[in-house]
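J.: Take this structure, written in structure tokens, and hold onto it; I'll ask about it next.
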Amino acid sequence: MFLTVRELKKSFGGIHALQGVSFGLGAAEIKCIIGPNGCGKSTLFNVLTGVLAPDSGTAELEGVRISGLPAHRISRMGIGRKFQVPGVLADLTVMEHMEIALAARETDGRLWRALGWSGDRAAVLARLESAGLADYADQVASQLPHGIKQRLEIAVLVARGARLLLLDEPTAGMTAAETQATIDLIRRINRETDTAILVIEHDMAFVRGLACPLIVMMRGQVLHEGTYDEVRADPQVRAAYLGDRHA
Ligand code: ADP
Ligand code: MG
């Protein structure tokens with residue numbers, strides 16, 4: 001397994017956010033994590049990125065333990081996280097975002113070394129092209145449409161050298177067209193760069209469209225793993241989460 005999560009537990013006072021979460025993710029695999037609000041999805045990502053240390057249990061990336069390590073070390077090991085709110089720099093252009101990302105990668109994240117980085121405009125343009133961002137190259141991030149900002153942030157994580165992308169509700173606030181474009185981008189990144197991807201998502205249209213294995217979380221545990229159709233057919237999942245709205 002590329003990522004192995006074993007019996008992760010994390011409580012906040014009396015709130016047991018993670019109560020023994022276990023699952024695996026293969027190299028270059030995509031899985032979607034679904035589950036109701038408050039079931040521990042973002043806490044799981046906080047543990048996988050080193051924002052939080054677990055109370056017990058482990059997470060390993062290619063057999064190397066990451067749980068409990070500081071966030072900057074986990075980031076350098078190739079785990080890139082995208083938050084719900086676009087994390088882009090308002091005054092920088094799309095091109096500049098990509099230049100910084102590639103410089104950070106060349107210099108192993110030690111940006112002071114990037115001061116001497118000469119840059120490679122062709123490489124930057126190729127990446128923008130591949131991410132569908134070439135038309136926006138000279139626009140500053142604050143003026144981009146919401147969906148393009150989200151797309152830029154994902155492209156930046158990949159350019160920085162992420163081998164595992166953690167996307168927390170990447171399509172929140174998007175139009176149907178932007179959601180479809182995000183599905184296409186995620187598939188394309190996965191296909192072209194072999195990046196493994198875990199996506200937390202609430203939107204069942206997105207989940208169905210991405211057509212990847214699902215992990216259903218409930219009350220800090222994995223309730224079920226399976227395809228979209230298997231998960232939808234599972235009576236426990238239906239009762240607990242999907243309800244008749246999604247029948
Ligand atoms: P989800 O992302 O599935 O909606 P979260 O992982 O954000 O759920 O939250 C799981 C539970 O843990 C919730 O009850 C939430 O209020 C609580 N929680 C999450 N982070 C913290 C924190 N830093 N301090 C206290 N409680 C937290
Ligand atoms: Mg959340």
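J.: Check whether at least one residue in the range 222-230 is buried (at least 18 other Cβ atoms within 10 Å of the Cβ), within 15 Å of ligand 1 (Cβ to nearest atom) and either modelled with pLDDT of 90 or more or within 22 Å of GLN19 (Cβ to Cβ) (or both), and report yes or no.
T.: Among the residues of the range 222-230, at least one is buried (at least 18 other Cβ atoms within 10 Å of the Cβ), within 15 Å of ligand 1 (Cβ to nearest atom) and either modelled with pLDDT of 90 or more or within 22 Å of GLN19 (Cβ to Cβ) (or both), which makes the answer yes.
J.: Starting from the range 37-55, keep only residues that are touching a residue at least 60 places away in the same chain (Cβ under 8 Å), then list their pairs with residues that are polar (S, T, N, Q) and part of a loop (DSSP other than H, G, I, E, B) whose Cβ atoms are within a distance under 9 Å, requiring at least 6 positions of separation or different chains.
T.: SER42/GLN84; LEU48/SER67
J.: Could I ask something else about it? Out of everything in the range 53-97 that is among the small types (Gly, Ala, Ser) and under 21 Å from HIS16 (Cα atoms), what residue ends up being surrounded by the most Cβ atoms within 10 Å (Cβ to Cβ)?
T.: ALA59
J.: Let me ask something else about it. State all residues of the range 13-34 that are out of contact with any Cys (no Cβ under 9 Å at 6 or more places or on another chain), more than 13 Å from GLU60 (Cβ to Cβ) and of a type outside the set (A, V, I, L, M, F, W, C); if no residue qualifies, say none.
T.: Within the range 13-34, GLY13, GLY14, HIS16, GLN19, GLY20, GLY26 meet the criteria.
J.: When only residues in the range 29-52 that are assigned to a strand (DSSP E or B) and in contact with a Pro (Cβ under 9 Å, 6 or more places away or on another chain) count, which is surrounded by the fewest Cβ atoms within 10 Å (Cβ to Cβ)?
T.: Selected residue: LYS31.
J.: Moving on to the next point. Can you tell me which of ILE183, ILE200, ILE215 is within 16 Å of ligand 2 (Cβ to nearest atom), in contact with a helix residue (DSSP H, G or I) (Cβ under 6 Å, 6 or more places away or on another chain) and aliphatic (A, V, I, L, M)?
T.: Just a single option satisfies the conditions, and that option is ILE200.
J.: Related question: Working carefully through the options ILE183, ILE189, ILE215, ILE200, find the one that is more than 14 Å from the chain's Cα centre (by Cα) and touching a residue at least 24 places away in the same chain (Cβ under 8 Å).
T.: Only one candidate qualifies: ILE215.
J.: Let me ask you something else. For the range 135-159, enumerate the residues that are in contact with a strand residue (DSSP E or B) (Cβ under 8 Å, 6 or more places away or on another chain) and crowded, with 19+ Cβ neighbours inside 10 Å.
T.: Hits for the range 135-159 are ALA141, GLN150, GLU153, ILE154, LEU157, VAL158.
J.: Hey, another quick one. Does GLY24 satisfy the condition of being more than 7 Å from ligand 1 (Cβ to nearest atom) and among the small types (Gly, Ala, Ser)?
T.: Spelling it out, GLY24 is indeed more than 7 Å from ligand 1 (Cβ to nearest atom) and among the small types (Gly, Ala, Ser).
J.: Read through the list (1) in a strand (DSSP E or B); (2) touching a Gly at 6+ places or on another chain (Cβ under 9 Å); (3) without any contact (Cβ under 8 Å) to a residue 60 or more places away in the chain, then give the number of the only condition that GLY24 fails.
T.: GLY24 satisfies all of (1) in a strand (DSSP E or B); (2) touching a Gly at 6+ places or on another chain (Cβ under 9 Å); (3) without any contact (Cβ under 8 Å) to a residue 60 or more places away in the chain except (2).
J.: Go through ALA123, ALA103, ALA134, ALA114 for me and flag whichever is more than 19 Å from the chain's Cα centre (by Cα) and at pLDDT 90 or above.
T.: ALA134
J.: Out of the residues in the range 129-168 meeting the condition of being farther than 18 Å from GLY87 by Cβ and assigned to a helix (DSSP H, G or I), tell me which one is nearest to ligand 1 (Cβ to nearest atom).
T.: Going through the qualifying residues, I end up with SER130.
J.: Another one. I'd like the residue in the range 43-97 that is of a type in the set (Val, Ile, Thr) and within 18 Å of HIS146 (Cα to Cα) and, out of all such residues, is nearest to ligand 1 (Cβ to nearest atom).
T.: Going through the qualifying residues, I end up with VAL85.
The values are calculated or read from the model by the stated rules, or taken from the named source; none is laboratory data. Computed from a prediction, not measured in an experiment: that's the story for all the values here. For neighbour counting, all protein chains shown are included, and Cβ atoms are generated from backbone atoms with ideal geometry for every residue, glycine included.
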